[in-house]
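Structure first, commentary second.
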Amino acid sequence: MRLTTNDHSLENARFTLNRLLQLQHLSLKMATLDNKSATAEISELITSTSISKGEDVLKVRSVVLTGNGSYDLIKVIEWPLMTKCAEHEVRVTVEFCGVNFADVYHMKGNVLQWPVPYVLGLESAGKVTQVGSAVRNLHVGDRVVCYCPNEAGMFRESVVVPSTHCFVIPGDICTKVACTLIANYLSAYFAFFSFGNLRSGQTVLIHSAAGGVGWAATQLAASVVGNVRVLGTASENKHHDIVTNGVTEAFTYENYSTHILDAEVDIVIDNIGGENVKKSVDLLKPFGRVILTGVNCVVQEDESKVAKAFESIASSVVPMQELVMGNKSVCGLHLGTLLRDNPKTFHTAVEQIFSLCQQGLIEPRIHAVFPLSKASEAIKLLAERKNIGKVLLKVE
């Protein structure tokens, strides 16, 4: 929920802040309340809450994170939403939501530590139902994908988002497929083409090749560029699927570094992070690049390994001298800051991804579609690495 002095008076802002503080205080009690009591108490507070004293609000079903560290703290409840867009915003009735590993980070609360409660979700797709007075590029009835990695709040029946965070879906791409394209395919696109300068005849290593980004990256290398040797890591039971998708040689996370020779790879997409970065750098040829897209090493059951993983990501695991003398580089990619700092580049890339989909050069794989009410199960599926491709939520 976002307040500006342009939207509300100081009195109304104070009123809203007081309500939000009550919600945050309530979240601290969640551990002592059963699910039914907790949901009832939140709903009662929200019933008495309005964004401002003189302005109506909607209450829409939303996936709300009320605390960190447990899937039981992900609640599907009625949550307030302003009825009127600000001048640069649009309202979208949501049909599908895209689940990402960042949602796992939010639930865990160890990588992303935001004050709870808040609505989860980075991306959704649906139809525009209202536009702000200053919006010129979007119209009521447009089908759009919404992507808000720095704000979250997309897992709900209706969303209000900045118009710059909406992307019109071409007529020949269905809303369901469009919801799979932004976070995953753009991560792979920028990694390979903006950072990696991927060319025919090169060798790439894609970690988590069965995940959403890994699936997308494999297709961009194998289908769009062509003549690329694609090495991929995944659990052994997923090897058949990733090879079918275009991986040339499949490895497990335990054995890849013993099968791939040092100085053999041009580009590594590394979503594992931590100590694994050193392994990735060792595999690079001169002028090779490691592109870091995540820190999934911190999501595991063994707490001692989690602590060690955090130690490794807080320090430099690759000495600068090694990069200089080896003619290698390590890059970091974050779509949220890119959209904020360079929206034109972001929007141009989205258009390119839509075009590749229209040409049939990329084909998203949807592992499962959960109802919105089962959001916690969908997020848990990603955390347990059971998915192959994208996981979606559908608003019932």
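The values are calculated or read from the model by the stated rules, or taken from the named source; none is laboratory data. On a predicted model such as this, the values are computed, not experimentally measured, just so you know. Virtual Cβ from ideal backbone geometry, glycine too; neighbours counted across all protein chains shown. Quick note on the areas: whole protein, heavy atoms, side chains included, nothing else; ligands and nucleic acids left out. Shrake-Rupley method; radii C 1.70, N 1.55, O 1.52, S 1.80 Å.
Among the residues that make up the stretch 139-147, is at least one of them of a type in the set (Gly, Ala, Ser), open to solvent by 10 Å² or more (accessible area, probe 1.4 Å) and without any contact (Cβ under 8 Å) to a residue 60 or more places away in the chain? Yes, the stretch 139-147 contains a residue that is of a type in the set (Gly, Ala, Ser), open to solvent by 10 Å² or more (accessible area, probe 1.4 Å) and without any contact (Cβ under 8 Å) to a residue 60 or more places away in the chain. Filtered by the rule that a residue be part of a strand (DSSP E or B), in contact with a helix residue (DSSP H, G or I) (Cβ under 8 Å, 6 or more places away or on another chain) and farther than 14 Å from LEU81 by Cβ, the stretch 140-154 gives ARG143, VAL145, TYR147. Tell me whether the stretch 226-234 contains one or more residues that are open to solvent by 40 Å² or more (accessible area, probe 1.4 Å), closer than 28 Å to PHE96 by Cα and either of a type in the set (Asp, Glu) or at pLDDT below 95 (or both). Taking every residue of the stretch 226-234 in turn, none turns out to be open to solvent by 40 Å² or more (accessible area, probe 1.4 Å), closer than 28 Å to PHE96 by Cα and either of a type in the set (Asp, Glu) or at pLDDT below 95 (or both).
Any residue at all in the stretch 169-180 that's more than 16 Å from the chain's Cα centre (by Cα), of a type outside the set (Ser, Thr, Tyr) and open to solvent by less than 20 Å² (accessible area, probe 1.4 Å)? Yes, the conditions are met somewhere in the stretch 169-180. Taking the stretch 243-265 as the range and being surrounded by 15 or more Cβ atoms within 10 Å (Cβ to Cβ) and closer than 22 Å to ILE362 by Cβ as the test, the residues that pass are VAL243, ASN245, GLY246, VAL247, THR248, GLU249, ALA250.
Within the stretch 355-364, which residues are in a loop (DSSP other than H, G, I, E, B) and crowded, with 17+ Cβ neighbours inside 10 Å? ILE362, PRO364 - these are the residues of the stretch 355-364 that are in a loop (DSSP other than H, G, I, E, B) and crowded, with 17+ Cβ neighbours inside 10 Å. Residues in the stretch 368-389 that are within 22 Å of CYS297 (Cβ to Cβ), touching a helix residue (DSSP H, G or I) at 6+ places or on another chain (Cβ under 8 Å) and either open to solvent by 30 Å² or more (accessible area, probe 1.4 Å) or not in a helix (DSSP H, G or I) (or both): LYS380, ASN387, ILE388, GLY389. Scan the stretch 120-138 for residues that are out of contact with any Pro (no Cβ under 6 Å at 6 or more places or on another chain) and either in a loop (DSSP other than H, G, I, E, B) or open to solvent by 10 Å² or more (accessible area, probe 1.4 Å) (or both) and the total you get is 13.
Against the list (1) surrounded by 24 or more Cβ atoms within 10 Å (Cβ to Cβ); (2) touching an Asp or Glu at 6+ places or on another chain (Cβ under 6 Å); (3) over 15 Å from ILE362 (Cα atoms), the condition VAL268 fails is (2).
Yes or no: VAL243 farther than 26 Å from HIS334 by Cβ and hydrophobic (A, V, I, L, M, F, W, C)? So VAL243 passes the test.
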